[in-house]
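In what follows, a single structure is set out as structure tokens and then discussed.
No lab work stands behind these numbers, since they all come straight from the coordinates. None of the values given here were measured: they were computed from a predicted structure. Quick reminder, even Gly has a Cβ in these numbers, built from the backbone with ideal geometry, and neighbours come from all protein chains shown.
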Amino acid sequence: MRRRVLLWFLGAIAVSWLLGWVASQSVTLRLAQSSRPATTILVSAAASLQKALQAIKPAFERSQPNVRVNYNFGSSGALLQQIQQGAPADIFFSAGVPQMDVLEKGDRLLTGTRRNLLGNRLVLVVPRNLAFNLSGFGQLTNSRVKKIVVGEFRSVPAGQYAEQVLTNLGILEQLRPKLVFANSVRAVLAAVARGNADAGVVYASDVKICDRVKAVATAPENLHQPIVYPVAMIKDSKHPDAASAFGSFSRAIALKPSFNSSASKPVETTEEKIKT
């Protein structure tokens, strides 16, 4: 009887010691992981993605405790030039295909990492307090419309799409004296919001972040090239694993309605008034 009690007691001690050792190893592992210096990746992204990408940052960093994300937002053309000139970047989110094409042709992208993330629509916006009614791109020729702000045709994807729409509508040359050019789609939005222009051309996603403008028409998709946001890793990335993890995470999130509602919103394919 005493022997059984002794064996039971010794067994209990052994189990207790083993559990304690496992627990201590777990704590040691967690401490080792938490003491590891965090890897910081730099994501260069089109300004129209700012709200959506900022929204997913906390969730990604929770899923990858040793990775931190810094953003560099701007026009896709400006970001392209920065990368070409050697500015650091791990991932590039472009608002236009041509900018990504340039990097790919220049062998600046990591092979096999380019993907199309999502799409967007082009809309005509006006100040909410505009004194007269404007409900379509064709009405931009009206004499009451004095100033129209658009993105730079050469460097801002939204501007390039706007140029295509106005050209295909046959009104570009007539409107040239009214056009004012901005260096990003967000600058276009800001100019309209301040009342410095009667109208502007931005993405549908941009309207969601500003209550001082209203979208009055959507450009028919057959009047411009498809609006696609490609994403790819930069070949010279110093943190390819962390960058790949963020790229995969953002693509997975992009499939969820919550991301699409803040980044892009599909609308009808014919020019129409948008209820706001």
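Points worth noting:
- Label-to-label distance for Arg62 and Asn133 is 4.8 nm, based on points extended 7 Å past Cα in the beta-carbon direction.
- Length released on extending from Arg212 to Asn72, taking residue separation times 0.36 nm less the Cα-Cα span: 47.9 nm
- Aspartates and glutamates whose Cα lies under 16 Å from that of Lys147, excluding same-chain neighbours fewer than 8 positions away: Glu163, Glu173, Asp198
- Of Lys105/Lys238; Lys51/Lys214; Lys208/Lys235, pairs whose Cα-Cα distance is over 30 Å: Lys208/Lys235
- Among residues other than Val102 with Cβ under 14 Å from its Cβ, the summed charge is +2 (Lys and Arg +1, Asp and Glu -1).
- With a cut-off of 13 Å between beta carbons, the residues surrounding Ala78 carry a summed charge of +1, where Lys and Arg count +1 and Asp and Glu -1.
- Share, in percent, of DSSP beta bridges within the range 122-223 that are antiparallel, nearest 5: 60
- Available extension along the chain between Ala252 and Lys238 is 2.7 nm, counting 0.36 nm per residue and deducting the alpha carbon span.
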